1. Provide the net charge surrounding Met364, with neighbours chosen by a C-beta distance below 11 Å and charges set as Lys +1, Arg +1, Asp -1, Glu -1.
2. Taking the range 321-365 as the region of interest, what is the percent of Cα-Cα pairs per 5 angstrom bin, listed from the shortest bin to the one with the maximum distance?
3. ³J(HN,Hα) across the range 407-420 via Karplus (A = 6.51, B = -1.76, C = 1.60, θ = phi - 60°), whole Hz, x for Gly/Pro?
4. FRET efficiency for Gln405 and Asp358, Cβ-Cβ distance as r, R0 = 25 Å, nearest 0.05?
5. If amide hydrogens are placed 1.01 Å from N in the peptide plane, which non-local residues have theirs closer than 5 Å to the one on Glu79?
6. Provide the per-residue ³J(HN,Hα) series for the range 15-30, in order, calculated from phi with Karplus coefficients 6.51, -1.76, 1.60 and θ = phi - 60°, each as a whole number of Hz, with x at glycine and proline positions.
7. Estimate the FRET efficiency between Ser380 and His314 by the formula 1/(1 + (r/R0)^6), using the beta-carbon distance for r and 51 Å for R0, to the nearest 0.05.
8. Probe of 1.4 angstrom, ligands and nucleic acids ignored: what's the accessible area per residue over the range 44-128, in square angstrom?
Amino acid sequence: MAKRSYKTELGCIACDELGELGAGKPHWLVETPHVLCAIDNHSILLANRSTILLLSWSSNSAVAPPLKIRPDLSPIDAESITALEWLAFRDHRVIVAGTSSGYLLLYSLRGDLIHRQMIYPGRVLKLRVRGTKKDLIQDTSSEEFCLIMPGVIARFDGSDVQNMLQQWFEEAHSRFWDQKPKSQDSEDFGNTDVKIPYQLWNIGKNGTCSDAAITGIMPPPLMEQQSSSQRYYCAVAVGEDAVISAYRLSESKGRSLVGAILSKVVPATFSTLSSFSKLIWRTEPSSPKNPPRKSDQKPQPFARASSLTSLIDHPRKGEKLTLSPSGTLAAITDSLGRILLLDTQALVVVRLWKGYRDASCLFMEMLVNKDIGSSSSSYSEPSKSDYSLCLAIHAPRKGIIEIWQMRTGPRLRTISCAKGSKMLQPSYRFGASMSSPYVPLEVFLFNGDSGQISILNRTLDS
C-alpha cells in the first residue's frame, strides 16, 4: 500500500528566470539570503534585493508569466527590497513591496508602478494584510494593511487603500481608451503625489522588535473617556530584548490622562528651577550648534502607544509571529527552539512546544470531525462551522510538517517534506464574501529545488 503524502500537487514553476534569484543550488530557497516569497491562489511572487519575479502554475491565472519588476531603488542609500506581499480585492490584485529605506511600493500585474510612499525611515520587516468580520465573537469588522519596522508599526485602513487603487485603475482604463502614447518607463505612472492616510506607532519601548502584528480592537483604558469615534488596538511584538510585549494603540496623538498631568507639572517645575538658576549663575542662553534644516522632511508623528505587558527571559529571543484569522491566538517562535501559543486577549501563553529550532508556523482550517465520504449521496459543501482551527508547524531540521488542533487538541498528522521547502499562505482578500461555499484557510508548500507547488489536504482521510 502506497504511503499517503497528505498533500496535493498543483503545478511547477521551474524556469530559467529563477536562476537570477539563486535557483540551481541545493536548498537555494532557504539558504540564499534576501530571497522573499508571497503566494496567491494561482501565482507566486519571489524577490531578491533588487528584482521581483511573478510566476504562475495555473492556466486559469490572468497573469502571463514570467514577469520581472525592477523597482527604482536609491543606490546612494543602498536601498533594497526587504518585504513582499499580495493585496487582493474583489476586482483587482496588486503587488506590494517594502524597502530598506521605509518606502511602500505598489505595482500592477503588468509591472506598472501604482503608488510610492515614504512611511518611516527604517527597514520594512514585514507586510501584513488582515481582516475580521462582525460575528458572535467580533463586535466590529475591520480590514487593514500594516507595515512592520524595527520598533514601529504603520496601519492603513483597507478602504483607503482600495479607494486609491480604484482611482488609479479608472485612470489607467481611460488612458487605454484615449490611446495616448505610453512612456516605456512604468515609474512615470506612479501615483506619488497622493498620500494614503495611515497611523504610526512606536512599539519599541521594550526593545527593538523583529516582528509584530495588530491583533484586533480592544477597549479603552479605565481612566479614559469612552468615545465611540476613537478606536484602540492591541499590538503584540516579539524581539531580542523582550520575547513578547503587548501595547494598547490609540488613534489619538494626544497624551493619556496621567501623561497630560505630567506634561503640565514637569515643564512648569523645570521652568521655575531654570529661571532661579539663571538669576544665580547669570548664564546667557546659547544658540543651537546645528539648527534643523527646513528642507528636511519630518516623518509623521507617532500616535499614542501604551505598554501593557512584556516577557523578558534572557537569553531567549522572540523571532517570528503568526496570527490566527480572528486574531485571538498568536504562534510565536523563539531562539531556543520553542513555540508559544499566546491568547492575545488575555495575554497569556496557553500552550508550549519544545524542540523546534528554525521552525515556522501557519494557522490553517481542517475538516476534523466531518466525514466527507460517509454521506456522498447527500454531500453538501462544508460551511465555516465544519472546520477546526489548526496550527501547521514546519520543522526544517526534522524534515516534517506537523498539524496540531487548537487550542489544546492532539497532533493530527505528520507530513514529510523535502529539505529546501517553505510553507506559504495567501494573504487576506479584501471584501471577501461570507456566502457559500466557504473558502477555508489553507497552507501551500513550495519546494525550491524542484519548483513544485503543493497544498496541504484539508481532510484527515486524504
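1. Result for the neighbourhood of Met364: -1.
2. 6, 25, 32, 23, 13, 2
3. 8, 10, x, x, 6, 7, 6, 10, 10, 7, 9, 6, 5, x
4. According to the calculation, E is roughly 0.60.
5. Close amide H contacts, sequence-distant or interchain: Ser74.
6. 7, 5, 5, 5, x, 5, 8, x, 5, x, 8, x, 6, 4, 5, 9
7. The value I calculate is 0.45.
8. Result: 37 Å² per residue.
The values are calculated or read from the model by the stated rules, or taken from the named source; none is laboratory data. Here the structure is a predicted model, which is why all the values come from computation and not from measurement. In this analysis, Cβ positions are derived from the backbone assuming ideal geometry, glycine residues included, and neighbour counts consider all displayed protein chains. The protein model used for the area step is the full one, side chains on, heavy atoms only, and it has no ligands, DNA or RNA in it. Shrake-Rupley method; radii C 1.70, N 1.55, O 1.52, S 1.80 Å.
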